[in-house]
1. Gap in Å between the Cα centre of the stretch 1-38 and the Cα centre of the stretch 96-114?
2. Note the listed values (1) 1.03; (2) 0.93; (3) 1.01, then indicate which one is Rg/Rh (Cα atoms, Kirkwood Rh) calculated from this particular structure.
3. Normalising by the residue count of the stretch 114-181, find the relative contact order in percent from Cα pairs under 8 Å and 6+ residues apart.
4. Considering only protein heavy atoms, what per residue accessible area in square angstrom results for the chain with a 1.4 angstrom probe?
5. Can you give me the relative contact order of the stretch 1-157 as a percent, contacts being Cα pairs under 8 Å and 6 or more apart?
6. For Ser179, Ser87, Ser67, give the ranking by accessible area with the largest first, probe 1.4 Å.
7. Let me make sure I get this right: for the stretch 35-115, a, b and c are the square roots of the gyration tensor eigenvalues over alpha carbons, sorted descending. Under 1.5 in a/c it's rounded, otherwise prolate if a/b > b/c, else oblate. Which is it?
8. Pulled fully out, how much extra length does the chain show between Ala12 and Ile37, if you take 0.36 nm times their separation in residues and subtract their Cα-Cα distance?
Amino acid sequence: LERRLRSIFGDAVQRGEAFMRANALRHQSYTSAGQIIRENFTPLLIIEATGDPSLVEYTVTPDGPQSFFADDTQYAYTPPPDIDTTSIAFTAAPHIVSVSVKHRVMDEMVANRSRDGILQVYFSPTRPRIDGVASINAVHMFYTYGRGSEVRVTLDWIIAILKTRAYVDGTYYYTTADSFL
C-alpha cells in the first residue's frame with residue numbers, strides 16, 4: 001500500500017533523481033549472464049539525459065573517435081571506434097573534446113561513407129556497416145556543429161526509413177523500434 005500511494009502521490013522524477021544520486025558511479029551494464037560490461041555508451045546517455053557527469057564512470061579520449069567499450073582489454077576482440085558513441089560523446093559531454101578535434105573526426109566520418117553516401121557505423125573501412133539509429137545520432141551531431149548539409153544523404157535515408165516504417169523490427173545494433181523513435 002505504501003509503495004502504491006507513493007507512486008500515486010509522489011514525484012517520480014524526484015525519486016528517479018534521488019536514485020541516480022544515491023547510486024552515483026555504480027550505474028553499470030550487464031550481460032544476460034550477469035557479467036559487468038565496462039562501456040561508454042550508456043554512461044554518455046545518462047549524462048545526456050541528466051546533464052550530470054558526476055553520476056557515471058566513462059572513458060572519453062580527447063583526441064579522436066570514441067569507442068563503445070571503456071576497457072579494451074576486457075575482451076579478446078573489441079570493435080573499432082564508432083560514430084554512435086562518438087556522436088553521443090561529442091554532444092553530451094562537449095567539454096571533453098576540442099572543437100578542432102570534433103571537426104577533424106567529422107571529416108573522417110564524411111570520408112568513410114558507403115557507396116550510397118550514408119555514414120558508416122565504424123571508423124574502419126574493413127567493417128562496412130550502416131545503421132539507422134547510429135546515423136540519427138551522427139546527423140544530430142553534424143547539425144549541432146553547423147555541418148548538417150554534409151550528411152543530407154544520410155538524413156534522407158533516415159526519413160525514408162520512417163516513411164516506410166522499416167524501423168519497426170529494429171536494426172542490427174538496436175533490436176527494437178523504440179530506439180529509432
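1. 35
2. Label of the calculated value: (3).
3. Reported relative contact order: 27 percent.
4. 59
5. Details: 199 pairs, mean separation 26.1, N = 157.
Over the stretch 1-157, the number comes to 17 percent.
6. Highest to lowest solvent-accessible surface, that is Ser179, Ser67, Ser87.
7. It comes out oblate by the Cα gyration axes.
8. Details: separation 25, 0.36 × 25 = 9.00 nm, distance 2.80 nm.
Length gained between Ala12 and Ile37: 6.2 nm.
The values are calculated or read from the model by the stated rules, or taken from the named source; none is laboratory data. These figures come from a predicted structure and were not determined experimentally. Cβ: placed from backbone, ideal geometry, glycine included. Neighbour counts: every protein chain shown. Quick note on the areas: whole protein, heavy atoms, side chains included, nothing else; ligands and nucleic acids left out. Shrake-Rupley method; radii C 1.70, N 1.55, O 1.52, S 1.80 Å.
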